[in-house]
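See structure below.
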Amino acid sequence: MSVFNLFKDRSATGTSAILAVVLGASVLLYYWVAPAKKVEDFVGPPRSGYVLTNFDLDSYNEEGKPAFKLIAPHLERREGDESLYINAPNFVLPPTKDTTAPPWTGHSQYGWVNKDGTMLKLQGLVHMDRVAFATSPPASIDTSEVTAWPKENRLETAEAARIVQGSSTMNGIGMRANLDTKHLELLDAVHTTYQPRKR
C-alpha cells in the first residue's frame with residue numbers, strides 16, 4: 001500500500017498509519033530544530049561537613065609531638081577534600097627539634113589546612129613573633145600568603161617580607177624559612193639595616 005493510498009483509505013488502520021507517520025515526522029523535526037539542552041554548570045559553593053565556632057585545634061606529628069595549634073572564631077570542614085577553612089586564626093608553631101626553644105606565634109586573616117595536616121596556608125596579612133631565648137634576640141616576621149609545612153617546621157612565601165631580629169631589619173621579596181635551624185632566607189630585592197651597637 002502506497003502513502004497516497006493511505007490518505008485515500010478512511011479505515012481505522014489507514015488513519016492509525018497516517019497518525020503514526022505524522023507523529024514520527026514531528027518527533028524527528030523537533031529533535032532536529034530544538035535548541036540544545038542547557039547544561040547546569042552552577043553547582044553552588046562546596047558544602048560544609050561541619051562548622052565550628054570559637055575552637056582550639058591541636059595537630060601532632062608522627063612522633064606524637066605538637067606540630068601546630070590554631071585558635072579561631074570560625075572553621076568549616078569541606079566535604080570532598082576534607083580540608084579546613086578558617087577565619088582569623090591565631091597560630092602556634094612549636095619547634096620540632098630543640099624543644100627548649102620558644103614557639104613562633106602569630107595570626108593571619110584566613111587559614112587553610114589540608115586533609116592530613118601536613119600543609120597549612122596562612123592567607124592575607126601574616127604576622128609572626130618569637131620571644132628572646134638563650135643568645136637569640138626576639139624576632140618577628142610580617143608578610144602575607146604563607147605556605148607552611150608545620151610537621152617539618154618550614155614555611156615560604158613569594159610575597160614581600162619584613163624580618164626584624166634584635167636590632168637588625170631585613171626587607172625583601174620572597175622568603176623561605178626553616179624554623180628549627182633558624183634559617184631565614186629572603187630571595188629578591190633584599191635590603192638590610194643594622195643598628196649600631198651601644199658602647
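The values are calculated or read from the model by the stated rules, or taken from the named source; none is laboratory data. Everything numeric here is computed off the predicted structure, so don't read it as measured data. Backbone-built Cβ (ideal geometry, glycine too); neighbour counts: all protein chains shown. With ligands, DNA and RNA removed, areas are computed over all heavy atoms of the protein, side chains included. Shrake-Rupley method; radii C 1.70, N 1.55, O 1.52, S 1.80 Å.
Leaving out ligands, DNA and RNA, what percent of the accessible area of the stretch 95-199 is carbon and sulfur, probe 1.4 Å?
52
Just flag the GluC sites (Glu not before Pro) in the stretch 87-165 sitting in loop per DSSP whose Cβ has no more than 14 other Cβ atoms within 10 Å.
E152
Accessible area of R130, 1.4 Å probe, to the nearest 10 Å²?
20
Per the Kirkwood treatment, what hydrodynamic radius in Å, one decimal, follows for the stretch 62-199 from the mean inverse distance over all distinct Cα pairs?
15.7
Compute the distance in nm between two label points, each set 7 Å from the Cα along the Cα-to-Cβ direction, one at S59 and one at N87.
It is 2.1 nm.
What ³J(HN,Hα) values, in whole Hz, does the Karplus curve 6.51 cos²θ - 1.76 cosθ + 1.60 give for the stretch 122-131 when θ = phi - 60°, with x put for Gly and Pro?
Per-residue couplings from phi come out as 9, 9, x, 5, 10, 10, 10, 9, 9, 6 Hz.
Find how much the distance from S136 to N171 grows on full extension, using 0.36 nm per residue of separation minus their present alpha carbon separation; answer in nm with one decimal.
Extra length from S136 to N171 when fully extended: 10.6 nm.
Can you give the accessible area of H183 in Å² (nearest 10), computed on protein heavy atoms with a 1.4 Å probe?
Here the residue's solvent-accessible area equals roughly 100 Å².
Note down the accessible area of L29, probe 1.4 Å, to the nearest 10 Å².
90
Taking a virtual spin label 7 Å from the Cα of Q109 along the C-beta vector, which residues in the stretch 142-175 bring their backbone nitrogen under 11 Å of it?
144-145
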